[in-house]
Amino acid sequence: MADTLTVAGPGPSAPVPEFPMPRAAGCPFDPPPGLGAAREEGPLTKVRLWDGKDYWLLTRYADQRAVLLDPRVSADLTRPGYPLQAPSNGTNNISFILMDDPEHARLRRMVTAPFAIKRVEALRPAVQKIVDDLIDEMLAGPHPVDLVEAFALPVPSLVICALLGVPYDDHDFFQENSKVLIRRDADMADRAAAHGKLVGYLDQLMGEKTAHPGDDLLSGLVARVRSGELTRTDAAQMGVLLLLAGHETTANMIALGTLALLEHPEQLALLRDTDDPKLIASAVEELLRYLSIVHGGRRRAVLADIEVAGQVIRAGEGVIMPNDLANRDPEAFPDPDRLDLTRDARRHVAFGFGVHQCLGQPLARMELQVVYGTLYRRVPGLRAAAGIGELPFKHDGSVYGVHELPVTW
Amino acid sequence: MHVELDEPKCVASGQCVLAAPEVFDQRDEDGIAFVLDEQPAGDTLDAVREAVAICPAAAIRLVQR
Ligand code: HEM
Ligand code: SF4
């Protein structure tokens, strides 16, 4: 299959390429070459998914943003034409990320308050302490050590557990099940089982909070169940979404971001030698853009005819919008394949765009600012303890990253 | 130039507060944005232009009145 994807110059009779596409060996940070070829073809091409059906692929930043803002496209995976990641029986409901307005907005607004900029800023000292403590532990322990296990995963897990009111001691359980849920090749039964376990876990936890409420986010949802705004199942599903989205993504940005910096030593040096919050913030945006870890493409079903780049896309068709393409669009970001921590990358779509844009982005940004602003200064000799060719990359998941990153110093 | 915010469209992303903290803030109860300074000028106006460009919900407009 890889052969057909590298064929140059797609003519009119070129076969429709399969999606997702493989990355090139030795270029773990760049989008798959097949996506670059699709861009060359034009703003709108077709790709074939696992179900054998063809869907529209939008290659340009501007078009992707316009469509993600358009109320005529739907995030509901039960709608005709929705480009499913994998077989689904429609039961793995993971709350409002797969809903449309007005229900999406109603549910989302129940949990937006704790993610407001000021509320998140107030957590910065606590996050700094988590990061400092984990680095202390790492430095005191043996090395090489797996940075994912020792640092990248615990930081966001500890943070989201505190915010939600989930006992961190249960992290093995929810991390294992999260992994299954986001694996592209997990079969339907495994995914349904993992989802069921997580919903059951959250439901039980929220049951306990009914009797002993705290000032955490889940206790807030429990209060909404009591007032009749939310069903118990809706609340548990929302809890699963927040728990899942809150640690997998940020963990991958920490580990993959560190690897990208180690591979670009002159960029790493900028971070190691600064305490300028502006430069650190800019580095976070640029790494989000450059790595575009939520790489499976935003996916939507078209509810009523829309026009994209002069072409009509019909109701009942499906569109896929890979942010690794948008974030490397030369019209939006000059010299897009260069990692440049000093560029203004704020307009990236690594958190998506439109009404579903990441709820947790203020938190993710703050965590990454603390991490990138601390780790390399405190461990200036940090280096990879394995060649890039030996590292296991997450080609199989809807969130890209490394399964392991052995480091030493 | 006058800043207008279409509140029902806002998804509480906080992007405007990051881009132009002098001009935007968020409500305590649900993080929905509101305007602090309706007629920004100079550098602040440029920051508002950036907010207009990055608002994921296209909820902010700059209008001539
Ligand atoms: C660097 C880390 C992160 C990245 C790259 C990321 C990326 C994304 C993306 C691309 C979407 C849009 C999905 C779509 O349009 O279909 C999204 C949505 C979402 N993210 Fe994140 N995310 C991150 C961290 C977080 C964190 C820390 C949380 C905390 C709870 C979170 C919670 C959510 C939720 C709840 C949604 C659904 C929003 C909605 O549908 O309205 N994310 N994220
Ligand atoms: S950037 Fe837009 S969506 Fe985000 S808080 Fe401001 S107005 Fe609301």
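For segment B:2-63, what is the per residue volume of the convex hull drawn over the alpha-carbon atoms, in cubic angstrom?
For segment B:2-63, the hull spanned by Cα atoms encloses 65 Å³ per residue.
Between B:GLU22 and A:ALA269, what FRET efficiency follows from the Cβ-Cβ distance if R0 is 35 Å, with the result rounded to 0.05?
0.60
Would you please give the residues with an amide H less than 5 Å from that of A:VAL73, counting only those at least 5 places away or on a separate chain, with H modeled from the backbone geometry?
Answer set, sorted by chain and number: A:LEU303.
For segment A:79-236, what number results from the quotient of the Cα radius of gyration and 2.2 N^0.38 Å?
1.19
Under 29 Å between alpha carbons, and skipping anything fewer than 8 positions from A:LYS46 in its own chain: which lysines qualify?
Leaving aside lysines fewer than 8 places away in the same chain, those within reach of A:LYS46 are A:LYS394.
From the P(r) of the protein assembly as shown, could you give the percentage of C-alpha pairs in the tail past 39 Å?
19
For segment A:180-303, what's the relative contact order in percent, using C-alpha pairs closer than 8 Å and at least 6 residues apart?
Here the relative contact order equals 18 percent.
Shielding by partners for B:25-32, please: the mean number of other protein chain Cβ atoms within 10 Å of each residue's Cβ.
Mean shielding by partner chains, rounded to a whole number: 6.
Give the angle, between 0 and 90 degrees and rounded to the nearest 10, that separates the Cα long axis of helix B:43-54 from the longest principal axis of the Cα atoms of chain B.
50
Give me the distance in nm between label points sitting 7 Å out from Cα along the Cα-to-Cβ direction at A:GLU208 and A:ALA62, one decimal.
In this crude spin-label approximation the distance works out to 5.4 nm.
Which order results if A:HIS195, A:HIS247 are arranged by neighbouring Cβ count within 10 Å, fewest first?
Lowest to highest Cβ neighbour count: A:HIS195, A:HIS247.
Subtracting the Cα-Cα distance from 0.36 nm times the residue separation, let me have the gained length for A:PHE173 to A:LYS278 in nm, one decimal.
Gain on extension, A:PHE173 to A:LYS278, equals 34.1 nm.
Among B:ASP46, A:ASP335, A:ASP63, what is the fewest-to-most ranking by other Cβ atoms within 10 Å?
A:ASP335, B:ASP46, A:ASP63
Roughly what % of DSSP beta bridges within chain A run antiparallel, to the nearest 5?
85
Please give the average number of partner chain Cβ atoms lying within 10 Å of the Cβ of each residue in A:336-348, rounded to a whole number.
Taking all residues of A:336-348 together, the mean is 1.
How many nm is it between the label spots at A:ASP133 and A:ARG314, if each spot is 7 Å from the Cα in line with the beta carbon?
With each label point 7 Å from Cα toward Cβ, the separation is 5.9 nm.
What spacing in nm lies between the two simple spin-label points modelled at A:THR342 and A:GLU149, each 7 Å away from Cα in the Cβ direction?
Distance between the two pseudo-spin positions: 4.0 nm.
Can you list the lysines whose alpha carbon sits under 22 Å from that of A:LYS209, skipping same-chain ones fewer than 8 residues off?
Leaving aside lysines fewer than 8 places away in the same chain, those within reach of A:LYS209 are A:LYS197.
Using a 10 Å cut-off around each Cβ of peptide B:4-13, what is the average number of partner chain Cβ atoms that fall inside?
5
Would you list A:MET188, A:MET99, A:MET321 from fewest to most Cβ contacts within 10 Å?
With the fewest neighbours first, A:MET188, A:MET99, A:MET321 line up as A:MET188, A:MET99, A:MET321.
How high is the FRET efficiency from A:GLU229 to B:ALA41, r the C-beta distance, R0 45 Å, rounded to 0.05?
The calculated FRET efficiency here is 0.60.
Every number here is computed from the coordinates shown, using simple stated rules; none is lab data. Predicted model only: the values in this text are computed from it and were never measured. With ideal geometry, Cβ positions are generated from the backbone for all residues, glycine too; neighbour counts draw on all protein chains shown.
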